[in-house]
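The values are calculated or read from the model by the stated rules, or taken from the named source; none is laboratory data. Treat the numbers as computed from the prediction; the structure is a model and nothing was measured. No Cβ is skipped: glycine too gets one built from the backbone with ideal geometry, and neighbour counts run over all protein chains shown.
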Amino acid sequence: MGTRTAPSYANIFMADLEQKILNNAPHNLKPLIWKRYIDDIFILWPHGEHSLEEFIQHLNNTHPTIKFVHDTSHSSVNFLDSTVILTPQGTIKTTLYTKPTDRTALLHSTSHHPKHCKLGIIYSQALRYRKLITDDEELHHRLQSLRIILLTRGYKDKDILAQFNKINSLSQTQTLYKHTRNTTAEKNLPYVIPFHHDLPPITETLRKHWHKIQLDPNLKTIWHTPPFTAYQRHKNLKDILVRAKLKDSNNAPLPHTTNTTTPHT
């Protein structure tokens, strides 16, 4: 927190610290699984409660200022935005975890954003639910709750259901596979323009009249495919009111100043 380099710095520091922790574990007893996201760690411990307490004490003795707050359970534990559940059959399933303070303040439908961005919010939220929730029946109930939230944010029901339908045929396993992009494909030229809700359908217009570019022998060699539209945001109040550079009494720019923070836990 504070500077852009802070998360990377914390990751590098914790990567070194966790290697020391695991390499020097008491009695060489280590977690079956150790997964960390910056400073949140999920582990599966197969060696009994007494040795777990000893391992947690080892965690807190490894560094003078880094201390670990832990939550243990035989049945379920919360990790980031998921709840990991151990079933009576010995399998693991997951579901959505929402913090009590979460307000679900999604972008309002009247916000000054392109429509595809708003539709993308609906789809990405539904996809997140599908990734986190193993049980299909529970997913259905959770999506209905999400639907109500989106309706209160001004979204149309037909748009909500259309995006929900895209993930209804997907299983949780399918959504967890990492999709690789085709890096050999030719990159299209971006057409950048400030966004306004009264703009005509620029992408459709470009594609409709693209044959005129292709008729020109010189332009045809430069642009092989139609460009995609990239919208640029307008200046907001922060851009207008906040100055990146300060000026002294002689109207000369002063050096940039940066806020620095001391790493702490």
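Quick notes
- Pairing residues of segment 96-121 that are surrounded by fewer than 12 Cβ atoms within 10 Å (Cβ to Cβ) with residues that are modelled with pLDDT under 90, at Cβ distances under 9 Å and at least 6 apart in sequence or on separate chains, gives His112/Phe195; His112/His196; His112/His197; His112/Arg233; His112/His234; Lys115/His197.
To keep it simple, each residue is scored yes or no on (1) touching a strand residue (DSSP E or B) at 6+ places or on another chain (Cβ under 6 Å); (2) within 30 Å of Leu143 (Cα to Cα); (3) modelled with pLDDT under 70; (4) not small (Gly, Ala, Ser).
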| residue | (1), (2), (3), (4) |
| --- | --- |
| Leu170 | no, yes, no, yes |
| Thr184 | no, no, yes, yes |
| Tyr191 | yes, no, no, yes |
| Lys208 | no, no, no, yes |
| Thr225 | no, no, no, yes |
| Arg243 | no, no, no, yes |
| Asn250 | no, no, yes, yes |
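- Of all residues in segment 186-207, those that are over 18 Å from His224 (Cα atoms) and of a type outside the set (Phe, Trp, Tyr) have Cβ atoms under 7 Å from Cβ atoms of residues that are in a loop (DSSP other than H, G, I, E, B) and at pLDDT 85 or above, 6 or more apart or on another chain, in His197/His112.
- In segment 75-114, the residue that is nearest to Ile133 (Cα to Cα) out of those that are part of a strand (DSSP E or B) and of a type outside the set (S, T, N, Q) is Leu96.
- Matching entry among Lys93, Lys67 (being among the basic types (Lys, Arg) and more than 25 Å from the chain's Cα centre (by Cα)): Lys67
- Condition check for Lys131: in contact with a Phe, Trp or Tyr (Cβ under 9 Å, 6 or more places away or on another chain), surrounded by 13 or more Cβ atoms within 10 Å (Cβ to Cβ) and not assigned by TED's automatic domain parsing to the domain that holds Arg233: no
- Flag if His234 is touching a residue at least 40 places away in the same chain (Cβ under 8 Å) and over 30 Å from Lys131 (Cβ atoms): yes
- Set side by side, the residues Lys178, Lys131 differ, and just one is under 20 Å from the mean Cα position of the chain (by Cα), in a helix (DSSP H, G or I) and charged (D, E, K, R), which is Lys131.
- Every residue from segment 18-32 that is assigned to a helix (DSSP H, G or I) and out of contact with any Lys or Arg (no Cβ under 7 Å at 6 or more places or on another chain): Gln19, Lys20, Ile21, Asn23, Pro26, His27, Asn28
- Search result, residues across segment 150-174 that are within 17 Å of Leu132 (Cα to Cα) and either of a type in the set (Asp, Glu) or not in a helix (DSSP H, G or I) (or both): Ser169, Leu170, Ser171
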